[in-house]
Amino acid sequence: MVSLVPSLTEAVAATAPDLLVGATDWCTHPAELSVARIGGTKNPDIAKIVALAPDLVVANEEENRAPDLAALRAAGIAVWVTEVRSLPQALASLERLLTVACGLPRPPWLDAAGQAWREVPSTPRRVRAVVPIWRRPWMVLGRDTFAGDLLSRLGVELIHSRHADRYPAIPVAELLAAGPDLVVLPDEPYRFTADDGPEAFPGVACALVSGRHLTWYGPSLAEAPALLTAQLRG
């Protein structure tokens, strides 16, 4: 198997690491993963993947480009494409990938992830927030996103959750004018830090959070509720 999605790489590696023969340069978990690197999520080396002769390539409709997936299929390689825009969809998609596509038993970490999120209070205190994912230009979480669904379950109400775009580009002046209670700054895809991000929102509380726990669907989901809750509280 070749994985074109970091979170799916981690999910497969945590369950049956011997299945993986290739992964992207961005597949950083588990740290000890030793497989062929086939480029990025948006620019995979198609020829290198074909040369690995995988039985299956796993991808995601948002993270990977349709032309690359079409090229793999044209080369005779089966491609499994996930669509994940909510926690329930993530858990169901992971189960199908691992049990149907990979023929594996349902892994214990998937049960642990589901249980961890079931234990989140159903009516947490809500705060209005903007969630930048990029700057230059500033882009934020909008409607219908996996990360937005996780934050909503933790009491964070996205100001732009009804925006027409899923990841709208909005000038920082407009973000401030929206009057957020909180600005949530993940460390991926853009690496926001204490010195890069909060200074753009003077007078507004900022929370630096783990991008992996906010945007990856895999074993990190079991840790995500507790870790993100602590980071959101500062």
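The values are calculated or read from the model by the stated rules, or taken from the named source; none is laboratory data. Remember, predicted model here, so these are calculated numbers, not experimental data. Here the Cβ positions follow ideal geometry from the backbone for every residue, glycine too, while neighbour counts run over all protein chains shown. Calculation scope for accessible area: heavy atoms of the full protein, side chains included, ligands and nucleic acids excluded. Shrake-Rupley method; radii C 1.70, N 1.55, O 1.52, S 1.80 Å.
For the chain, what does the helix formula give at 222 nm: sum of -39500 (n - 2.57) over DSSP H segments with n ≥ 4, over the residue count, nearest 500 deg cm²/dmol?
Taking each H run of at least 4 residues, the total per residue is -9000 deg cm²/dmol.
Shown here for region 154-231: GluC sites (Glu not before Pro) in loop regions (DSSP other than H, G, I, E, B) with at most 12 other Cβ atoms within 10 Å, of which there are none. In Å², and per residue, what accessible area does the chain have when probed at 1.4 Å with the other protein chains present? Dividing the accessible area of the chain by its residue count gives 46 Å². Apolar share of the accessible surface for region 87-234: 53 percent from carbon plus sulfur atoms, 1.4 Å probe. Put a plus charge on the Cβ of each Lys and Arg, a minus charge on the Cβ of each Asp and Glu, and nothing anywhere else: the dipole of region 107-156 about its Cα centre is then about 380 debye.
Let me check I've understood the local charge: for Glu62, count other residues with C-beta under 14 angstrom from its C-beta, Lys and Arg +1, Asp and Glu -1. What total comes out? The answer is -2.
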